Amino acid sequence: MTFADVGDWLLDPGLVVAFWLPLVAAALATLLARVSDGRGAALASAAVGVGFVLAYPSILHIWGVPAPLAEHKALYLTLLGLALGCILDTESLGGRYRRPLVVLLGLLAVLWVAGPALVDSHPGPERNLVLAYFLGAAVVLLRTSHAAGSALTPPLQMFVAALGAASVAATADADSIAHLCLGLGAAALGFLGWNWPTVRFIPGNTLVLGAGLPLLALSGELVLSEDGNPWALGLLLAVFFSEWLTSRIGLGGKGKALRPLAQAFRCLLVIGGA
């Protein structure tokens, strides 16, 4: 492959829409928060969901407004997550119970994705799969709502998990889900770009719900409605324990800047396993 071939691949229209568009949109939304005063910084992590929403119609080539609810659950759950996250991040709601409240709201939201499969399936492997999906959703919400090790950890986990889900979707020939997961990962990368090596914005509930809900919705559709491998998706849950995987690595004086890269590398190994 020549240098010109690499340039053509990077500027391929499909990649521009599925990757560069949400990345740039999320980066610009984060920049807007950076130049604004007051509550703008508190809502900066909403840029991930905003970038995904702005790119969503182009990725799926839909231009009707509004998009059908049943066919675009990931889009509407993103909008719902952004709304709930903004309220929680700007208002004094929940107090010390805020984290359980966020997890509960997230699980109630993904019930829209898994509810029909839970009702229609009979006791046995199919229903067990739905219950396993709910358990996985609880793990994602619990881990991302608790910033451990670094403020970069939750958005980094979202970024790598979305790439992993895109890879699993691609192997299942679920191209639309793969492109949407890639777009979500790119939007997370657009936010991360403003926070490395120096953290400028602490991720809030707008990240947990605004990015976590579409990730869970797309993963649910992949495993419950498509031929996505549930074991592969289950393995991706290890991504949300990335700070454990790197806690014993000695990185010297530059550990603060290098640890996120070490986390990303370990997570990429998890994707390879999936």
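None of the figures in this text is laboratory data; all of them are computed from the coordinates on show. On a predicted model such as this, the values are computed, not experimentally measured, just so you know. Here the Cβ is made from the backbone with ideal geometry for all residues, glycine too, and neighbour counts use every protein chain on show.
Points to keep in mind about this one:
- Cα Rg, Dmax (largest Cα-Cα span) when computed across the stretch 121-243, Å: 14.4, 51
- For the pair Y97 and S58, label points projected 7 Å from Cα toward Cβ lie 4.3 nm apart.
- Efficiency of FRET between E71 and L107 - r from beta-carbon atoms, R0 25 angstrom, step 0.05: 0.65
- Backbone N within the stretch 205-224 under 18 Å of label point (7 Å from V119 Cα along the Cβ vector): 221, 224
- Ellipsoid semi-axes for the stretch 52-187, based on the Cα gyration tensor and the rule √(5λ), read 24, 21, 17 Å when sorted largest first.
- Translational diffusion of the stretch 40-104, estimated by Stokes-Einstein from the Kirkwood radius over alpha carbon pairs at 25 °C in a medium of 0.890 mPa s, is 184 µm² per second.
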